[in-house]
């Protein structure tokens, strides 16, 4: 696979595009690309463009767009990950690997036992940081559609929104140690049905939070006899769902 670069603007065949400062540095200094090398561009809205490096200078890197390829690497399984926020490195890891595993949407939530507490300003900055991680993960893994990440919400507020949008087109699951019900015991979701999986923080959900989720039609789910860390739980759940119902 050729080096891939995200370009958030419209792309046309024959167009000459100057890469962003970040991509310019990555192409020249990290990948050591040179004029004539093939690269791939994508807008995050589907499909990709084959292109060729025109010129690399100290101030810019330009590429020439050659053809459009209608390539889709999305899973048929639509997964929304609601992840309790955790320390920065763990949260970054979860988001990066969840994108590689094929999630479609990510909703960070603040829970009673969350160790990290973000002010509005810090939450906005973290959201921008997480969006960059999503872009980088898509560049790496070949996805041509950017998963959507929503602003941080308190768990009760997110549940209220879910309660207001009750739909037969969603299967809602929450990870819990208070059940023995596993994924292999659940029927495959019907086609065009989204799966929402909610993962707790380092200390797990409180009993009150689990009750609130049960009242919002979340079914408890167990991933075996061992207790996972929050960063392991999210990725194990997504991988297992992809293996059972998705494209693995």
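The values are calculated or read from the model by the stated rules, or taken from the named source; none is laboratory data. This structure is a prediction, so every number in the text was calculated from the model and none was measured. We place every Cβ from the backbone using ideal geometry, glycine too, and count neighbours over all the protein chains shown.
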Within the range 173-206, can you find the residues that are part of a helix (DSSP H, G or I) and either in contact (Cβ under 8 Å) with a residue 24 or more places away in the chain or under 18 Å from residue 157 (Cβ atoms) (or both)?
-> 183, 184
Out of the range 76-93, which residues are crowded, with 19+ Cβ neighbours inside 10 Å and either over 16 Å from residue 196 (Cβ atoms) or out of contact with any strand residue (DSSP E or B) (no Cβ under 7 Å at 6 or more places or on another chain) (or both)?
-> 85, 86, 90, 91
Of 107, 128, 140, which residue is part of a helix (DSSP H, G or I) and touching a residue at least 12 places away in the same chain (Cβ under 8 Å)?
-> 140
Residues in the range 108-130: is at least one in contact with a strand residue (DSSP E or B) (Cβ under 6 Å, 6 or more places away or on another chain), over 29 Å from residue 211 (Cα atoms) and either surrounded by fewer than 16 Cβ atoms within 10 Å (Cβ to Cβ) or at pLDDT 95 or above (or both)?
-> yes
Residue 154: exposed (fewer than 15 other Cβ atoms within 10 Å of the Cβ), over 18 Å from the mean Cα position of the chain (by Cα) and either under 29 Å from residue 8 (Cα atoms) or not assigned by TED's automatic domain parsing to the domain that holds residue 108 (or both), yes or no?
-> no
Residue by residue through the range 232-248, note down the ones that are in contact (Cβ under 8 Å) with a residue 40 or more places away in the chain and assigned to a helix (DSSP H, G or I).
-> 233, 234, 235, 237, 238, 239, 240, 241, 242, 244, 245
